[in-house]
Structures are given as structure tokens and as C-alpha cells.
Amino acid sequence: MDFAVAFNAVHDALPYMLGGVVWTVGLIVGAMLLGLALGVPLSVLQVYGPKPVRRAVSIYVWLFRGIPILVQMYIFYFGILSWLSTLPGLTGLGLDGPFVAAVLVLGLTSSAYQSQIFRGAIQSLPPGQLKAARALGMTDAQAIRTIILPQALRLSIPAWSNEYSILLKDSALAFTIGVVEIMARMRSIASTTHEPVSMAFVAGIIFFALTWVGVKALNMLENRVRIAGYTRQGAA
């Protein structure tokens, strides 16, 4: 390897590759928020819902955890969203775009994993809290919303940071359906400069930096909202 040539190639390509960070961050933010919005109610239904509902949620979780993300992206992008975009009233909404497909796949898959994170946090809380809330005249819905979930969400932050790092790496597969994120740009530059190792090394550094920043921010959030009397290992 000619290190001078590799250095010059990296120097010239770095601004273009950093432009992919915007797309990658967009994928992660959208997917994490979608996963959170779906994961919380799914976890509540799996813990407190009737048996048929719990079974339905379990099927949902196993479905999205059992099918590879790459396969899901192909199904959503080339199949489901392309079909939806042809329906009256949905034409022109851009549902068949690669970015939308990637966010949906990553978000739905993340919701399956996040639901299990929140379910474990809910079940780790003392069961007497719900009984005490009922004794005070609160409904189950009120108790779950105001007492159970605030604690469970705080306890879920360490596992949520792990989900963030996993989802960030999974987002690299979005290039397969045309999202111009970091990996897509790396492959494009590598094919023209014939420096695949150098470009892959730079992409790895960018992903590492994004992982470190995100996990560090979530660790700070965990310390800020930590419940008195609880530790990282669980309830005291």
C-alpha cells in the first residue's frame, strides 16, 4: 500500500464521507423514536394485557427479531412501500423512498427489542407499587402512566444505549437500498480511488465516533435521572 496515495485519497474524500453522517444520524433518530413510540406500549401490553394480546405482541417481537434487517429492507422497499405508493390518496407522498423504508425497518425492528428492554424494567419494579396505587383509588392505566413507566424508562437507559449502538451499526445496511449514508459514500469513493481499505478505515472511525458520542450522552442522561436507591445493576 502506498501510504502517500492513501492519505491523499482520504483527505480528498473525507468531506464527502462526512456528509453521510447527516443521513446516518437521521436514520438513527427516526428509528430510535419510532422504536420508542411502539416499544413502550408493546411492553405494557405484554406485561399487563390479556393473554391473546400478549401472544400477539410476542408474535410481533419474534417476527421482527427473527428476520434479518437486510431481508426486511428488501421486502419493505421493493414490495410493501412500492405497492402502498400506488394506492389512491397515497401517490406522491414518497412512501417508496429508500430513506423511509430504512427508517421503518430499523424502527420496527428496534421496537421489538426496545419492548423487551422496557418489559424487563417494568417487571423488575416491586409489584406492590401497582397494588398501592389501586388502594389509593387510581386506575391501572393511571398507575402505569404516572408511577410504573417513569421508573421503568429511567432504568432502561443503560440497555437503551446498547440498542443505540447496535442500531447505528445496523444502519450501515441502508446503502443496499440506495440511502446515501456513510457506507454508500465509502463504497462510491472506494470504487473510484481503488483504496477500499483506507476508506473502510475512515468509515470505521466515523461510526466509532458516533457510537462514543451517543453512548456518552445516554450515560450522562442516566446519571442525571437516576432513581435514588437504585444502582446500575438493578434495584438496591
With Val57, Val47, Val40 as the choices, which residue is within 18 Å of Ile117 (Cα to Cα) and touching a Lys or Arg at 6+ places or on another chain (Cβ under 7 Å)? Val47
When you go through (1) in contact with a helix residue (DSSP H, G or I) (Cβ under 6 Å, 6 or more places away or on another chain); (2) farther than 30 Å from Asp12 by Cβ one by one for Asp140, which number turns out not to apply? (1)
Residue, farthest from the chain's Cα centre (by Cα), within the range 119-166, restricted to residues that are farther than 30 Å from Leu27 by Cβ and of a type in the set (Ser, Thr, Tyr): Thr139
Please go through (1) at pLDDT below 90; (2) not in a loop (DSSP other than H, G, I, E, B); (3) not hydrophobic (A, V, I, L, M, F, W, C) for Tyr164 and return the number of the only condition it doesn't satisfy. (1)
Here the qualifying pairs (Cβ atoms under 7 Å; residues six or more apart or on different chains; first in the range 160-179 and within 15 Å of Tyr74 (Cβ to Cβ) and without any contact (Cβ under 8 Å) to a residue 60 or more places away in the chain; second part of a helix (DSSP H, G or I) and open to solvent by less than 30 Å² (accessible area, probe 1.4 Å)) come out as Phe175/Ala184
Restricting the range 167-207 to residues that are over 27 Å from Leu36 (Cα atoms) and charged (D, E, K, R), which is surrounded by the fewest Cβ atoms within 10 Å (Cβ to Cβ)? Arg187
Cβ contacts < 7 Å: first residue among the acidic types (Asp, Glu), restricted to the range 184-201; second residue open to solvent by less than 50 Å² (accessible area, probe 1.4 Å), any location; separation 6+ or different chain. Result? Glu195/Ala6; Glu195/Ala9
What are the residue pairs meeting all of these: first residue in the range 37-64, first residue open to solvent by 60 Å² or more (accessible area, probe 1.4 Å), second residue charged (D, E, K, R), Cβ atoms under 8 Å, and 6 or more apart or on different chains? Leu45/Arg54; Tyr48/Asp140
How many residues of the range 208-223 are surrounded by fewer than 14 Cβ atoms within 10 Å (Cβ to Cβ) and of a type in the set (Gly, Ala, Ser)? The answer is 2
Evaluate the following for Arg154: is it over 30 Å from Ala4 (Cβ atoms), in contact (Cβ under 8 Å) with a residue 40 or more places away in the chain, open to solvent by 20 Å² or more (accessible area, probe 1.4 Å) and not hydroxyl-bearing (Ser, Thr, Tyr)? yes
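The values are calculated or read from the model by the stated rules, or taken from the named source; none is laboratory data. In this text the structure is predicted, and so the values were computed from the model without any measurement. Reconstructed Cβ throughout: ideal geometry from the backbone, glycine too, with neighbour counts over all protein chains shown. Accessible surface areas use protein heavy atoms only, side chains included; no ligands, DNA or RNA. Shrake-Rupley method; radii C 1.70, N 1.55, O 1.52, S 1.80 Å.
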